[in-house]
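The values are calculated or read from the model by the stated rules, or taken from the named source; none is laboratory data. This structure is a prediction, so every number in the text was calculated from the model and none was measured. When we count neighbours, we look across all protein chains shown, and the Cβ atoms used for this are built from the backbone with ideal geometry, even at glycine. Quick note on the areas: whole protein, heavy atoms, side chains included, nothing else; ligands and nucleic acids left out. Shrake-Rupley method; radii C 1.70, N 1.55, O 1.52, S 1.80 Å.
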Amino acid sequence: MPPRPDSDTARSPLDRPQPMHPLVFHPEGEDVVVGRADTDTYVVLPEDGAQLVRWLADGTPPALAATRYRERWGEEVDIQDLLDSLAELGFLLADGERPAETRPVRHQRLGRALFGPAAWVCYALLIGLWLVESVRSPDLLPDYHHIFFTRYYSLIVLFLLVGQTPLIALHEIFHALAGRRIGLHSRFSLGRRLYYVVAETSMDGLVAVPRRQRYLPILAGILLDVLALATLTLAADLLRGPDGGFPLAAGLCLALAYATVLRLAWQLLFYLRTDLYLLMTTLLGCVDLHTAATYVLRARLRRLIGRPAGDDAHLHPTDLRVARWYSWLMVLGYAFTLLLGVTAAVPMAYHVVVGVLGRFTGETSAVELIDSATVLGLSAAQLAVAGAIAVRDRRAARAA
């Protein structure tokens, strides 16, 4: 008599529970954020889809979960397609894989110290002192002339490039530590924008914490910039001293302070995904406000020239509703860019161009000629590197 097949193996895979990694479920308006906190992999699902995944995570066999779904919402669901999607996201346990364990968050204590009550008192005192000194000494207020702390332009370019790097890194580190303070596995890394090396902070887990806990990690970088501006300005005031002090060191601090002001002003360019943009999308519960606002702006322009606006079915309803007024902020951002150009970029560029080229037309020292030639060489090198990278990326895109 042949052996009877094992009852468990004889059943369809859809009749057996599908082991899954520990998942988090966080309500976000009408949707639910579902994901793995250990890998910072998340997906936004409607309430019914999230409930279906929750049943599967609780050990309900897929076939039974699909039946429950049909009985509750009156619709059929392709449960196999859902399982395939969950497998691609890494939510399902592969054969022989063990459930993920929660990793300890490093530097959490440091994050709590930097954003604790004592730290906030120190920050308030520092910013208050800076404001008082700026009122008492108006020459400390940001001015593009502070950039020109020496007549050697090549030194200015190199100093601003090197001097801003640690401040930009600290901006991102503050983001990361504010995230780690609340238990997020935030990551700090270096990336590239064209030929510039930039610092980046990844806080994917921010979507899975209560909304009120997200604001500080988002704004922590701006806080660091304000603290840096206050510190550099006060340091410049001290270095000047009543008897002359150290004017070059004071000039270096004021130059970095003005560069910090420009980074803060950059946050107001609402057509970019800045920290203030992330704050606004968090406050309003948006998914991809930038794409929706860009669509609304283009739709208005198309209507002005008598062309159809296009289909907005791919946009989230909340994004589309907010974009109707946020798109005007994007227009203000473009206007602010022009204002920065007129008040800062153009005057500085004019000062440099006149100073550098003027040395080749009049009597000047050999050192100043070398300085001007160095600035021209650095500018040419930047353009060459930018062009080479653009060509390489274009070729790579075509090959892909």
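Using a 1.4 angstrom probe and counting only protein chains, how large is the accessible area of TRP325 in Å², to 10?
Accessible area, nearest 10 Å²: 120 Å².
Let me have the 222 nm mean residue ellipticity of the chain computed from DSSP H runs of 4+ only, each contributing -39500 (n - 2.57), with the sum over all residues rounded to the nearest 500. Let's see the in-between values first.
Details: 14 runs with 237 residues, N = 400.
That comes out to -20000 deg cm²/dmol.
Hey, can you list the DSSP H helices of the chain whose Cα span along the axis is 30 Å or longer and whose average Kyte-Doolittle score is at least 1.0?
Numbers: long enough: 153-181 (42 Å, 1.10); 215-240 (37 Å, 1.69); 317-340 (34 Å, 0.77); 366-399 (49 Å, 0.76).
Qualifying helices, which must be both long enough and hydrophobic enough, are 153-181, 215-240.
Work out, step by step, the length gained on full extension between TRP266 and VAL24: first 0.36 nm times the residue separation, then minus their alpha carbon distance; give nm to one decimal.
On the way: separation 242, 0.36 × 242 = 87.12 nm, distance 3.50 nm.
Net length gain for the segment: 83.6 nm.
Taking the Cα centre as origin and putting +1 on Lys and Arg beta-carbons and -1 on Asp and Glu beta-carbons, what dipole magnitude results for the stretch 267-400, to the nearest 20 debye?
Values: 13 positive and 9 negative charges, 150 e Å.
For the stretch 267-400, the charge dipole is close to 720 debye.
Pick the calculated semi-axes √(5λ) of the Cα gyration tensor in Å for this structure from [x] 42, 24, 19; [y] 52, 26, 22; [z] 35, 23, 20?
Identified label for the calculated read-out: [y].
Note down the nm distance, to one decimal, between modelled labels 7 Å out along Cα→Cβ at LEU383 and at ALA396.
2.5 nm
Put +1 on the Cβ of each Lys and Arg and -1 on the Cβ of each Asp and Glu in the chain; which of LEU89, THR282, ILE156 then has its Cα farthest toward the positive end of the dipole?
ILE156
Taking the Cα centre of the stretch 60-109 as origin, sum charge times position over the Cβ atoms of Lys and Arg (+1) and Asp and Glu (-1), and report the length of that vector in debye to the nearest 20. Kindly include the intermediate steps, with their values, before the conclusion.
Values: 7 positive and 10 negative charges, 120 e Å.
Dipole size: approximately 580 debye.
I need the per residue convex hull volume for the stretch 212-314, using only the alpha carbons, in cubic angstrom as a whole number. Kindly include the intermediate steps, with their values, before the conclusion.
Details: hull volume 12.7 nm³, N = 103.
Hull volume over Cα atoms, normalised by residue count, gives 123 Å³.
Please give the charge dipole size of the chain, origin at the Cα centre, charges +1 on K and R Cβ atoms and -1 on D and E Cβ atoms. Round to the nearest 20 debye. Let's see the in-between values first.
Values: 38 positive and 39 negative charges, 131 e Å.
For this selection, approximately 620 debye.
Could you compute the FRET efficiency for LEU248 and LEU170, with r as their C-beta to C-beta distance and R0 at 22 Å, rounded to 0.05? Before the final figure, lay out each step's value.
Values: r = 23 Å, r/R0 = 1.07.
Calculated transfer efficiency: 0.40.
How high is the relative contact order of the chain? Use alpha-carbon pairs under 8 Å, at least six apart in sequence, and give a whole percent. Don't skip to the end; give the middle numbers.
Working: 442 pairs, mean separation 54.4, N = 400.
That works out to 14 percent.
Rank-order 101-110, 344-353 by packing density, defined as the average count of other C-beta atoms within 10 Å over each peptide's residues, highest first.
Those peptides, ordered most packed to least, come out 344-353, 101-110.
Taking the Cα atoms of the stretch 8-127, report the difference between the largest and smallest coordinate on each principal axis, in whole Å and largest first.
The Cα atoms of the stretch 8-127 stretch 69, 35, 19 Å along their principal axes.
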